[in-house]
There are 2 protein chains.
Amino acid sequence: MLSQSIEDYLKVIYDIQSTDGKVTTTSLAGKLGIAPASVTGMLKKLSAKKLVTHKKYQGVQLTESGTKIALEVIRHHRLIELYLKEALGVPWDRVHEEAEKWEHVLSEDIEDRIDKFLGHPTSDPHGSPIPSRDGKIIERDCSCLADIEPGHKAVIAEVSDHDASMLRYLGELGFYPETNIVIDSVEPFNGPMKINIKNKIKILGREVARYIAVTDVKKVA
Amino acid sequence: MLSQSIEDYLKVIYDIQSTDGKVTTTSLAGKLGIAPASVTGMLKKLSAKKLVTHKKYQGVQLTESGTKIALEVIRHHRLIELYLKEALGVPWDRVHEEAEKWEHVLSEDIEDRIDKFLGHPTSDPHGSPIPSRDGKIIERDCSCLADIEPGHKAVIAEVSDHDASMLRYLGELGFYPETNIVIDSVEPFNGPMKINIKNKIKILGREVARYIAVTDVKKVA
DNA sequence: AATATAATTTAGGTATACCTAAATATAAAT
DNA sequence: ATTTATATTTAGGTATACCTAAATTATATT
């Protein structure tokens, strides 16, 4: 059995790896809220367990077995998030925090039961894909909402869960995954966007738009 | 925040206190699967935190605040056991093991949602009472099934969850809480009992019967 | 009451996972 | 190419929660 700490490291390494590409000691330390020196120590341990490859001063990469475990933890996390929302009505801005704890205590048996209850779902409440039991994950290629130009429509794919209050805010505005939107206008100098959701115009700051990923971007007819 | 270990100690201290009365270092060590010397160390810590009173060589007792926390952990444990059974169909011989892990990661919010989902239940799948949110627990006074004499009827109150395989066995025989039974005969020399459950005669060893508590014992008319 | 047995505590040690401060290596700026 | 700044690692230290072996206290037996 791997410790909760190790599971957390692997999860975050996977996350950074698939976002920024390179995983550095500092980026890990930042996301985990741990001192860089402590991260170095843990990377040695992960390396000794063949979960990552680590050359001094050169960052880390997940090995095959490290990836497998990372995806298991991510699967747990996202299944739990969706389960809490669907089965217990927990609002989407609180599921992440709970899942952070639950992901480490979920047995395979309960995982399967939750998966079945939810009808073998493929994405969590924020639109992030749920890896399959055998460690396959479908990463859609998305665009950043902040970069979409006026006169285009799109579908919200994913909303970052890094800030609960931002999720609450976006929920109030109706920015949920799978929602159709039209970008009406975009103000210059990193200014706000006018976005049409269900025939209502919403004003969204560009900073916030950075945390929303969209797909199916097309010019409006 | 208290550690998982501390929560486990308090829970087990409560359990022994309400069963055997006196809580000794050895009894704790036994139930927790920890060396007695280690228990001594932890008891010092619990004492420093005013969760127990501990005089050297004299065992421990929960303080008021220790009792409060113990009951919270027990409430978590038992709510989760029942939830796993009701919501996810987990068989009663497996819920204990899962709850041992989950009880430490349950937030007040989720606790309340589960409690509501279950309709504010008062006992878990094994018949143990669930403490209320404000720390009240109704301990019924039960008799041990092994001590009931022939010609008496009774109602199963509680079945010990200490051994999963025993629970599975008792489940197959139909020994669930709230079930009406009649003791038809009892063999001498610690011999087996003939018990009538739903008009079927079951033979139950006296050793196993020690782990079943009953209420409403009455002479059969 | 003295002795043997059992329970408990003390002493010293381990693994995990973190910390700060200092040293060293890499990358960026001049 | 040298200096400066940043990133990373090493060194030494802390808290938690466990361990074994030895010492001590309490309890039971004779």
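A few remarks follow.
- Criterion: modelled with pLDDT of 95 or more and either within 11 Å of chain A (Cβ to nearest Cβ) or more than 30 Å from A:Leu118 (Cβ to Cβ) (or both) - qualifying residue of B:Lys45, B:Lys55: B:Lys45
- Selected residue [under 16 Å from B:Trp92 (Cβ atoms) and modelled with pLDDT of 95 or more] from B:Leu167, B:Leu204: B:Leu167
- Flag: A:Tyr9 matches the condition of being assigned to a helix (DSSP H, G or I), out of contact with any Ser or Thr (no Cβ under 8 Å at 6 or more places or on another chain) and within 16 Å of DNA strand D (Cβ to nearest atom).
- Residue in segment A:57-70 that is free of Cβ contacts under 8 Å to residues at least 24 places away in the same chain and within 13 Å of DNA strand C (Cβ to nearest atom) present: yes
- Test result for B:Ser27, within 16 Å of DNA strand D (Cβ to nearest atom), closer than 29 Å to B:Gly171 by Cβ and surrounded by fewer than 23 Cβ atoms within 10 Å (Cβ to Cβ): yes
- Considering (1) more than 16 Å from DNA strand C (Cβ to nearest atom); (2) outside any loop (DSSP other than H, G, I, E, B); (3) open to solvent by 60 Å² or more (accessible area, probe 1.4 Å), the lone condition that A:Glu139 does not fulfil carries the number (2).
- Any hit, segment A:27-42, residues being touching a residue at least 40 places away in the same chain (Cβ under 8 Å) and not assigned by TED's automatic domain parsing to the domain that holds A:His162: no
- Looking across segment B:30-50 at every residue that is open to solvent by 50 Å² or more (accessible area, probe 1.4 Å) and under 13 Å from B:Gly66 (Cβ atoms), the one that is farthest from DNA strand D (Cβ to nearest atom) is identified as B:Lys50.
- Of everything in segment A:101-131 that is of a type in the set (Gly, Ala, Ser) and open to solvent by less than 40 Å² (accessible area, probe 1.4 Å), the residue that is nearest to the other protein chains (Cβ to nearest Cβ) is A:Ser107.
- When B:Asp93 is tested against (1) under 21 Å from B:Gln4 (Cβ atoms); (2) within 14 Å of chain A (Cβ to nearest Cβ), exactly one condition is not met: (1).
- Exclusive hit being modelled with pLDDT of 95 or more and either surrounded by fewer than 17 Cβ atoms within 10 Å (Cβ to Cβ) or of a type in the set (A, V, I, L, M) (or both), set B:Glu98, B:Glu86: B:Glu86
The values are calculated or read from the model by the stated rules, or taken from the named source; none is laboratory data. Computed from a predicted model, the values in this text were never measured in an experiment. Because the Cβ atoms are built from the backbone with ideal geometry, glycine has one as well, and the counts that use them run over all protein chains shown. We work out accessible area using only protein heavy atoms, side chains counted, and drop any ligands, DNA or RNA first. Shrake-Rupley method; radii C 1.70, N 1.55, O 1.52, S 1.80 Å.
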